[in-house]
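Asker: So that we are looking at the same thing, I have put the structure below in structure tokens.
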Amino acid sequence: MKKQIYIVSGLPRSGTSMLMQILDAGGLPVASDAKRKPDRSNPKGYLEVESIIDKLKDNPDYVFNFEDRVLKVIAYGLQYLPPGNYKLIYVDRNIAEILDSMEEMMRAKDEERDDTKKAFIKLNNKTKADIKEREDMQVLFVNYNEILSSPKKHLEDIHRFLEERNLDLEKMIEVVDEKLYRQRRER
């Protein structure tokens, strides 16, 4: 049997970097090349492998370089994962907040925001349906907004999902920083 590969996924700006930071603090080794530095949009860093989707498109087996570590692959890239042994945590977030965050990051208004919103909803729904169908993938769905509002409750779910890793729940909880929740919308 192939070794476990841990994946964090979601739409861009959905909270995947926060979740990577949480898992890192808890003791799960993360796959990161440190090429993308912290910035004003993500002051605690991104914890990702640059161009991972292109690397998976070119060579799907590239993912096996990350066995026993957690790798961030945004929603669109999950289609390139070959058969394996995956535990995936998928982060959902209020779509309006994702779009607000993207505009803030780009420092520009999305002139086609309604179309972007429709495309993101379609991608999110298709991705979630696809990963639910995969027999080689155990999936936990989490919500960024709920993690920020009740970190202990929701991180306990993640802790249970990854119980074989014996993560430090208290250190995971310490990472959650509500001050970084800047594009807040009512649900």
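Asker: Being buried (at least 20 other Cβ atoms within 10 Å of the Cβ), farther than 21 Å from ASP168 by Cα, of a type in the set (A, V, I, L, M) and in contact (Cβ under 8 Å) with a residue 40 or more places away in the chain is true for just one of VAL91, VAL63. Which residue is that? Write out each step before concluding.
Answerer: On the way: VAL91 fails: farther than 21 Å from ASP168 by Cα.
So the residue among VAL91, VAL63 that is buried (at least 20 other Cβ atoms within 10 Å of the Cβ), farther than 21 Å from ASP168 by Cα, of a type in the set (A, V, I, L, M) and in contact (Cβ under 8 Å) with a residue 40 or more places away in the chain is VAL63.
Asker: Scan segment 154-166 and report the pairs whose first residue is farther than 17 Å from ASP68 by Cα and whose second residue is part of a loop (DSSP other than H, G, I, E, B), with Cβ atoms within less than 8 Å and a gap of 6+ or a chain change.
Answerer: LEU155/VAL176
Asker: What pairs come out if I take residues in segment 119-143 that are surrounded by 13 or more Cβ atoms within 10 Å (Cβ to Cβ) and pair them with residues that are in a strand (DSSP E or B) and of a type in the set (Asp, Glu) whose C-beta lies under 8 Å away, six or more apart or interchain?
Answerer: Between residues of segment 119-143 that are surrounded by 13 or more Cβ atoms within 10 Å (Cβ to Cβ) and residues that are in a strand (DSSP E or B) and of a type in the set (Asp, Glu), the close pairs are ASN124/ASP92; PHE141/ASP92; VAL142/ASP92; ASN143/ASP92.
Asker: Let me ask another. Report whether or not LEU28 is in a loop (DSSP other than H, G, I, E, B), crowded, with 17+ Cβ neighbours inside 10 Å, touching a helix residue (DSSP H, G or I) at 6+ places or on another chain (Cβ under 8 Å) and in contact (Cβ under 8 Å) with a residue 40 or more places away in the chain.
Answerer: When the stated conditions are applied, LEU28 passes them.
Asker: Among (1) within 21 Å of PRO151 (Cα to Cα); (2) at pLDDT 95 or above; (3) buried (at least 21 other Cβ atoms within 10 Å of the Cβ); (4) out of contact with any Ser or Thr (no Cβ under 8 Å at 6 or more places or on another chain), there is one condition LEU56 misses while meeting the rest; what is its number?
Answerer: (1)
Asker: Any idea which of (1) of a type in the set (D, E, K, R); (2) within 22 Å of TYR80 (Cβ to Cβ); (3) in contact with a helix residue (DSSP H, G or I) (Cβ under 6 Å, 6 or more places away or on another chain) is the one ASP110 doesn't satisfy?
Answerer: Checking ASP110 against (1) of a type in the set (D, E, K, R); (2) within 22 Å of TYR80 (Cβ to Cβ); (3) in contact with a helix residue (DSSP H, G or I) (Cβ under 6 Å, 6 or more places away or on another chain), the one that fails is (2).
Asker: Could I ask something else about it? Given the conditions (1) over 17 Å from ILE158 (Cβ atoms); (2) touching a Lys or Arg at 6+ places or on another chain (Cβ under 7 Å); (3) in contact (Cβ under 8 Å) with a residue 40 or more places away in the chain; (4) buried (at least 18 other Cβ atoms within 10 Å of the Cβ), and given that ASN85 satisfies all but one, which numbered condition is not satisfied?
Answerer: ASN85 satisfies every listed condition except (4).
Asker: Condition first: in contact with a Ser or Thr (Cβ under 8 Å, 6 or more places away or on another chain) and of a type in the set (Phe, Trp, Tyr). Now tell me which residues in segment 127-148 satisfy that.
Answerer: Hit for segment 127-148 is TYR144, nothing else.
Asker: Another question, then. In segment 156-169, what residues are at pLDDT below 95 and outside any loop (DSSP other than H, G, I, E, B)?
Answerer: Scanning segment 156-169 gives GLU163, GLU164, ARG165.
Asker: Hey, another quick one. Could you list, in sequence order, the residues of segment 100-142 that are touching a strand residue (DSSP E or B) at 6+ places or on another chain (Cβ under 9 Å), part of a helix (DSSP H, G or I) and of a type outside the set (S, T, N, Q)? Write out each step before concluding.
Answerer: Start the filter on segment 100-142 by keeping residues that are touching a strand residue (DSSP E or B) at 6+ places or on another chain (Cβ under 9 Å), which leaves 105, 124, 127-128, 131-132, 134, 136-142.
Subset that is part of a helix (DSSP H, G or I): 105, 124, 127-128, 131-132.
The answer is MET105, LYS128, ILE131, LYS132.
Asker: Sort out which residues of segment 31-81 are aromatic (Phe, Trp, Tyr) and farther than 15 Å from SER9 by Cβ, and write them in order of number.
Answerer: Looking only at segment 31-81, we keep the residues that are aromatic (Phe, Trp, Tyr), and these are 46, 62, 64, 66, 76, 80.
Answer for segment 31-81, where residues must be aromatic (Phe, Trp, Tyr) and farther than 15 Å from SER9 by Cβ: TYR62, PHE64.
The values are calculated or read from the model by the stated rules, or taken from the named source; none is laboratory data. Just so you know, these numbers come straight off a predicted model, no measurement behind them. Positions of Cβ are backbone-derived with ideal geometry, glycine not excepted, and every protein chain shown enters the neighbour counts.
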